[in-house]
Amino acid sequence: MLPLQGVIPPVPTPFSQQGDLDTEALKMLLRQLEPFVDGFLILGSTGEAAFLTEVERRQVFEAAREVIPATKPLLVGTGGEATRLVAARNDEAYAVGADAALVLPPHYYVGAMTEAALQKHYETLADLSPLPLMLYNFPGVTSLALSPSLIIKLAHHENIIGIKDSSGNVAALTETMRGVPEDFQVLTGNASTFLAALALGARGGILAVANVAARPYRRLYDAFKAGDLEAARALQLSLNPVAQAVTTRFGVPGLKAAMRLRGLDAGYPRAPLLELTDTAGLEPLLRPLEADLTAAH
């Protein structure tokens, strides 16, 4: 398994304006992003995975594997509501050649998703999966948070290798870091707390905004690794407005609009998400990033 570190984008899934999957656009997008990033996540929340059929998921897997070099890790989102369904998705991701599966917790019956139920779900999957698993903590989507105590328990399973923590809860992340094994790979999914997560021991970030700002976030990461906290802090503060714009403010439609404005063919959101047609709020935030999209990695 390749190490998970640095800056990894959760890549949007391109759809036409009519909502049709466009795997050729996906392959072009991955080629455009590849020089700037340290790996890829496909079919995460940013990839609108919840809107894809199982056949379409396989098409996305195959298109991504075709163009992503073997030297960079390919993570695949496989989360679903039923343990059996997720197990089948993990098998399929393995067959196509993914490096690890990112598993969002089941949340439709949120009241029944006790710590015991979630622990059994993840341990069953880890026992069955031919791929190493990463936990995915995203209470903004699931309305439930994986507790530090649960994460620590699961982190000791040999086939659960890490977590994408998109909660932005630095206090909870602190408790998680205190208890997980040293080789457990923690990545943040919250760009606004990227520097804080790195300071606590995260190895990098799976950041939606990295689809439009990979170079600045890589500079932040490199500055932190070099011990230049002043530069890292300045970058974190300057990048927060664009990070918040393409995540919490405008969401996936905003991210796709921002990418189209920067010449990256991310396509359009699939219904019921609505296309962002008024980009006036995005353009001033993106303008300073333009050179970073064409510079060499």
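The values are calculated or read from the model by the stated rules, or taken from the named source; none is laboratory data. No experiment lies behind these values; they were computed from the predicted model shown. Quick reminder, even Gly has a Cβ in these numbers, built from the backbone with ideal geometry, and neighbours come from all protein chains shown.
Being crowded, with 24+ Cβ neighbours inside 10 Å and in a loop (DSSP other than H, G, I, E, B) is a description that does not apply to residue 214. Return the residue satisfying two criteria in turn: it lies in segment 249-279 and is small (Gly, Ala, Ser) and in a loop (DSSP other than H, G, I, E, B), and of such residues it is farthest from residue 56 (Cα to Cα). For segment 249-279, the residue satisfying everything is 263.
Kindly indicate whether residue 40 is out of contact with any Ser or Thr (no Cβ under 8 Å at 6 or more places or on another chain), farther than 30 Å from residue 223 by Cβ and surrounded by 21 or more Cβ atoms within 10 Å (Cβ to Cβ). It would help to see each step written out before you state the result.
Values: out of contact with any Ser or Thr (no Cβ under 8 Å at 6 or more places or on another chain): yes; farther than 30 Å from residue 223 by Cβ: no; surrounded by 21 or more Cβ atoms within 10 Å (Cβ to Cβ): yes.
Spelling it out, it is not the case that residue 40 is out of contact with any Ser or Thr (no Cβ under 8 Å at 6 or more places or on another chain), farther than 30 Å from residue 223 by Cβ and surrounded by 21 or more Cβ atoms within 10 Å (Cβ to Cβ).
Tell me which residues, restricted to segment 235-247, are surrounded by fewer than 15 Cβ atoms within 10 Å (Cβ to Cβ) and free of Cβ contacts under 8 Å to residues at least 40 places away in the same chain. Spell out the reasoning first.
Keep residues of segment 235-247 that are surrounded by fewer than 15 Cβ atoms within 10 Å (Cβ to Cβ), which gives 237-238, 241.
Within segment 235-247, 237, 238 meet the criteria.
Looking across segment 141-152, the residues that are out of contact with any helix residue (DSSP H, G or I) (no Cβ under 6 Å at 6 or more places or on another chain) and either touching a residue at least 40 places away in the same chain (Cβ under 8 Å) or crowded, with 16+ Cβ neighbours inside 10 Å (or both) come down to 141, 142, 146.
Among residues that are touching an Asp or Glu at 6+ places or on another chain (Cβ under 7 Å), at pLDDT below 95, surrounded by 13 or more Cβ atoms within 10 Å (Cβ to Cβ) and not charged (D, E, K, R), residue 261 is included.
Scanning segment 88-128 for residues that are in contact with a Ser or Thr (Cβ under 9 Å, 6 or more places away or on another chain), surrounded by fewer than 16 Cβ atoms within 10 Å (Cβ to Cβ) and among the polar types (S, T, N, Q) yields a total of 1.
Could you go through segment 273-288 and let me know if any residue there is over 17 Å from residue 14 (Cβ atoms) and modelled with pLDDT of 95 or more.
Of segment 273-288, the ones over 17 Å from residue 14 (Cβ atoms) are 277-288.
Narrowing the set further to residues that are modelled with pLDDT of 95 or more leaves none.
The answer is no, given that none of the residues of segment 273-288 is over 17 Å from residue 14 (Cβ atoms) and modelled with pLDDT of 95 or more.
Taking the criterion of being assigned to a helix (DSSP H, G or I), hydrophobic (A, V, I, L, M, F, W, C) and either within 12 Å of residue 186 (Cα to Cα) or in contact with a Ser or Thr (Cβ under 9 Å, 6 or more places away or on another chain) (or both), the residues of segment 129-165 that qualify are 141, 151, 152, 155.
When the test is whether a residue is assigned to a loop (DSSP other than H, G, I, E, B) and under 21 Å from residue 134 (Cα atoms), residue 47 passes it. Return the pair list, or none, for Cβ contacts closer than 7 Å from residues in segment 13-37 that are under 18 Å from residue 69 (Cβ atoms) to residues that are hydroxyl-bearing (Ser, Thr, Tyr), at least 6 apart or on different chains. Going by the 7 Å Cβ cut-off, the qualifying pairs are 26/13.
The C-beta contact set for segment 60-78 (first residue farther than 30 Å from residue 107 by Cα and free of Cβ contacts under 8 Å to residues at least 60 places away in the same chain, second residue assigned to a helix (DSSP H, G or I) and of a type outside the set (Phe, Trp, Tyr), distance under 8 angstrom, 6+ apart or interchain) comprises 66/27; 67/27; 67/30; 67/31; 67/34; 68/30; 68/34; 69/34.
From 85, 52, which residue is closer than 30 Å to residue 111 by Cα, surrounded by fewer than 23 Cβ atoms within 10 Å (Cβ to Cβ) and free of Cβ contacts under 8 Å to residues at least 24 places away in the same chain? Reasoning before the result, please.
On the way: 52 fails: free of Cβ contacts under 8 Å to residues at least 24 places away in the same chain.
The unique qualifying residue is 85.
In segment 102-124, the count of residues that are of a type in the set (Asp, Glu) and within 22 Å of residue 251 (Cβ to Cβ) is zero. Taken over segment 88-121, the criterion of being out of contact with any His (no Cβ under 9 Å at 6 or more places or on another chain) and not in a helix (DSSP H, G or I) is satisfied by 97, 98, 99, 100, 101, 102, 104, 107, 108, 109, 114.
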